[in-house]
1. What number of residues within segment 399-435 are within 23 Å of the chain's Cα centre (by Cα), farther than 28 Å from residue 472 by Cα and assigned to a loop (DSSP other than H, G, I, E, B)?
2. Check off (1) assigned to a loop (DSSP other than H, G, I, E, B); (2) out of contact with any helix residue (DSSP H, G or I) (no Cβ under 8 Å at 6 or more places or on another chain) for residue 61 and give me the number that stays unchecked.
3. How about segment 140-158: which of its residues are surrounded by fewer than 22 Cβ atoms within 10 Å (Cβ to Cβ) and either touching a strand residue (DSSP E or B) at 6+ places or on another chain (Cβ under 8 Å) or closer than 22 Å to residue 223 by Cβ (or both)?
4. With (1) over 21 Å from residue 215 (Cα atoms); (2) in contact with a helix residue (DSSP H, G or I) (Cβ under 7 Å, 6 or more places away or on another chain); (3) touching a residue at least 60 places away in the same chain (Cβ under 8 Å) as the list, and residue 129 as the residue in question, which single condition is left unmet?
5. Can you tell me which of (1) touching a strand residue (DSSP E or B) at 6+ places or on another chain (Cβ under 6 Å); (2) farther than 20 Å from residue 204 by Cα; (3) crowded, with 20+ Cβ neighbours inside 10 Å is the one residue 303 doesn't meet?
6. For residue 329, are the conditions met, namely being surrounded by fewer than 16 Cβ atoms within 10 Å (Cβ to Cβ), closer than 18 Å to residue 208 by Cβ and either touching a helix residue (DSSP H, G or I) at 6+ places or on another chain (Cβ under 8 Å) or modelled with pLDDT under 95 (or both)?
7. Taking residue 391 and the conditions (1) surrounded by 21 or more Cβ atoms within 10 Å (Cβ to Cβ); (2) in contact with a strand residue (DSSP E or B) (Cβ under 9 Å, 6 or more places away or on another chain); (3) in contact (Cβ under 8 Å) with a residue 60 or more places away in the chain; (4) farther than 18 Å from residue 352 by Cβ, which numbered condition does it fall short on, given that it satisfies the others?
8. Please work out which residue is surrounded by the most Cβ atoms within 10 Å (Cβ to Cβ), limiting yourself to segment 25-39 and to residues that are part of a helix (DSSP H, G or I) and over 21 Å from the mean Cα position of the chain (by Cα).
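The values are calculated or read from the model by the stated rules, or taken from the named source; none is laboratory data. None of the values given here were measured: they were computed from a predicted structure. With ideal geometry, Cβ positions are generated from the backbone for all residues, glycine too; neighbour counts draw on all protein chains shown.
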């Protein structure tokens with residue numbers, strides 16, 4: 001088995017989880033900057049203003065804003081030929097609706113892109129990743145056609161500024177999170193009505209389509225993809241009621257990619273909206289815009305699979321929609337209770353390609369775990385290596401046996417960062433350790449974990465090192 005020639009190997013991060021410097025050089029607050037740390041079994045809180053007695057992890061994060069050169073150099077040392085990162089909208093248009101872009105914000109990403117290019121690393125840029133500018137609150141964030149228009153202007157600014165230097169773009173991170181994490185996805189309240197969420201989703205889908213068309217007009221070499229939060233699921237039993245309940249869940253998640261890949265709202269969604277008495281804010285030329293803005297490829301995150309059935313019936317509850325009413329007795333779980341299912345990645349890859357017949361790109365996959373820094377500075381994270389290895393072996397099968405066209409694999413994350421679900425630092429994903437605790441105390445020193453050297457070998461051999469048995473692996 002072999003991975004394709006020129007396969008894109010790398011890692012993925014997001015601005016609000018790594019950059020910090022949340023008010024530096026003209027940047028203003030985003031929705032991510034209003035989220036506190038989850039502590040003592042209490043989930044992250046969303047505050048209406050910055051409160052002095054609360055800790056907001058994104059404000060400092062891992063201070064990538066001042067360490068980007070060191071971090072990208074380490075990515076290059078691992079052998080990355082691609083790096084997915086996001087641009088903070090409020091660093092380019094601080095209020096979201098500014099007349100002109102913030103030059104210092106553009107300058108920062110200018111340096112990031114140029115440095116990546118100098119190391120032979122292909123930038124894969126997410127235009128919005130869970131950080132709508134707070135200045136757009138006056139328009140009700142994404143429950144507004146105005147916000148859609150401001151996003152399109154922002155995207156066009158990026159396409160023009162980075163023309164010829166950035167080829168791969170993702171319009172929204174995990175766009176289907178509007179159904180499960182609406183504040184993260186677009187500044188929509190967690191207890192907003194279904195109608196509000198559907199309107200916000202509509203404006204994001206329309207914004208994505210308009211951005212795709214503009215990207216192609218500005219540079220025919222641009223490749224624009226959508227990004228799906230990989231909610232893949234199995235039916236609880238072969239009882240037809242469970243099968244249909246599972247299918248209802250899948251449609252609730254996949255409708256976003258259906259629109260972005262096919263260019264129209266599917267019949268099942270239109271019927272659902274009709275039953276809920278929800279009328280979307282279609283205007284003249286909107287339908288044509290959706291048709292003209294179909295994406296070039298499908299990217300997605302993959303961490304786990306669900307079990308769904310008649311108790312689920314399309315309803316998702318809890319953080320990231322993980323509570324479906326069922327659990328999988330055949331799978332082990334991470335320290336944070338996420339099922340570990342490498343074979344589910346192969347299943348998901350086949351499902352998405354069968355459904356859309358578009359190239360795929362894995363832009364998030366990784367294990368959040370507690371790492372221990374040894375006295376000699378080493379970090380032995382064999383559990384992370386085992387997790388990534390198992391998933392890459394299934395990816396290899398999807399490519400080589402099933403014939404699924406996969407452009408690349410960018411793991412989450414190459415460097416420890418603030419966890420989106422909890423705001424914690426102790427939930428570590430990286431190949432590179434960052435000396436910080438949950439409250440931002442530490443030296444910010446970067447250290448290589450065992451997984452750093454292992455992933456380096458994977459990239460160096462284009463995946464062949466996957467088949468080498470490691471010392472600690474059991475027979």
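1. Of the residues in segment 399-435, 9 are within 23 Å of the chain's Cα centre (by Cα), farther than 28 Å from residue 472 by Cα and assigned to a loop (DSSP other than H, G, I, E, B).
2. (2)
3. Across segment 140-158, the qualifying residues are 152, 153, 156, 157.
4. The single condition residue 129 does not satisfy is (1).
5. With respect to (1) touching a strand residue (DSSP E or B) at 6+ places or on another chain (Cβ under 6 Å); (2) farther than 20 Å from residue 204 by Cα; (3) crowded, with 20+ Cβ neighbours inside 10 Å, residue 303 is out only on (1).
6. Criteria not met by residue 329.
7. (4)
8. 26
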